[in-house]
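First comes the structure, then the notes that go with it.
Derivation of every value follows stated rules applied to the coordinates shown; laboratory data play no part. The structure presented is a predicted model; accordingly, all values stated were derived computationally and were not measured. Note that each Cβ is placed from the backbone with ideal geometry, even for glycine, and that neighbours are counted across all protein chains shown.
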Amino acid sequence: MTLTRRPRIVVVGAGFGGMAAVKALKDADADITLVDRTNHHLFQPLLYQVATAALSPADIATADRALLRRQENVTILMEEVTGAAPERCIVQLANGRELSYDYLILATGAAYSFFGHEEWRAHARVLKSLRDALAIRAEVLGAFERAEQAESPEEARRLLTFVIVGAGPTGVELAGTLAELARSTLARDFRHIDPRSTRILLCEAGPRVLAAFPESLSDYAADALRKLGVELRLGQSVTAIDATGLMIGDERIETRNVLWCAGTAARPAARWLGVEAARNGAVKVLDDCSVPGCPGIFAIGDVASHGDGSGNPLPGLAPVAKQQGRYVAGVIKARLAGRADSVPFRYRDFGTMAVIGRSRGVADFGWMRLTGFFAWLTWSLVHLMLLVDFRSRLAVYLNWTWAWFTYGRGARLLTQDGLEELEGEHRAPARGRPVDGDQDRLSPGG
């Protein structure tokens, strides 16, 4: 008597797309293995609030095992995938192991791109992971502490100058929150410096902030940022970054705080598979999210380049990844049941949002556009509902309520470990930075 082996599905990446696919496969007659470099699912649209001391890491991250505890057909591996061999139907892990599969879902996301200037990475922080957010938080809070004991006004000004590169939703939200942190939360906490004198610059090579939004909403966001004291440098590219500052066009800005929120590049899944990639390295997929020439392999989210029907790739947003994850799960379940046909994937766009500090925001739902308090309130409610567990929703709600009435920040602790790490980086001549991080951006959140 021979026992029939159950089909094996390997999902690489526990972000929005990967987690959506795994959950949608809960009733599949298959063995699922979820592989991720971390042990948690991260709600990345609120990552900037961890970086600016508004929220704690546990408020926006939940252990994968807790989320999937009741799903008996799932095994979770905290490991890194380093390659794949489609001809053998295996993926290779950093620990030397190999995982075989019948179906493979790649949801590995994207990393920040420095547009060919990899030397800049050593001098700029990125915001893709909890580690990145905590490093930025330590750097921001540490800058004010160092400025308090600076030996000269020039050194204090350099410490209290923050430059954010990239005026997409992440850059805009980070700039607005930093401005409120300096001008409200920390305004009366120091004796020798005035945090309200903090200089925050937002740089964008294009002509306007939030370029993906309608121009009227972009203009509102720019005006709101200026009212918060943020300096906008639009139509000006960064031409150099080093340990003590950067060049914006022909102007030199002395600073020790550069935050990079510009372009992204897909993780190297296309190279693993030896298939055609888009300009940003994303795998070019067919209309059912499958990889051409690789039977049983699908790519979703930021690692995939999927057309929107008009010749343009779908945006790198969390709703795209989540919808693709559920769609691919449906395709695989149909194939397991012997039904090979599937309708092409179509993304349903529910709108995009971004917030600019406290009580200001923009929202574009296509049929309706909002600005100001109502856009901010809508953004807040949507994000609360999209957090994955009740504890996170309650914690975030309480933190936001406290901040609304008091301008307080609940996560302003700067630990000794954080200080020692910054001292170690801060600064040997090369100012080394940990290269880390993995975002699907959330459409109703920027």
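Within region 242-271, which residues are β-branched (V, I, T) and closer than 30 Å to V283 by Cβ? Matches in region 242-271: T264 only.
Give the residues of region 21-40 that are farther than 22 Å from R88 by Cβ and buried (at least 24 other Cβ atoms within 10 Å of the Cβ), sorted by residue number.
Correct list: A21, V22, L25, D36.
Here L384, L377, L394 are screened, and the one residue that is hydrophobic (A, V, I, L, M, F, W, C), surrounded by fewer than 20 Cβ atoms within 10 Å (Cβ to Cβ) and under 20 Å from the mean Cα position of the chain (by Cα) is L384. Here the condition is being aromatic (F, W, Y) and surrounded by fewer than 20 Cβ atoms within 10 Å (Cβ to Cβ); of F345, F365, F298, it holds for F365 alone.
Considering only region 191-208, I want to know if a residue exists there that is out of contact with any Asp or Glu (no Cβ under 8 Å at 6 or more places or on another chain), over 29 Å from L317 (Cβ atoms) and buried (at least 19 other Cβ atoms within 10 Å of the Cβ). There is at least one residue in region 191-208 that is out of contact with any Asp or Glu (no Cβ under 8 Å at 6 or more places or on another chain), over 29 Å from L317 (Cβ atoms) and buried (at least 19 other Cβ atoms within 10 Å of the Cβ).
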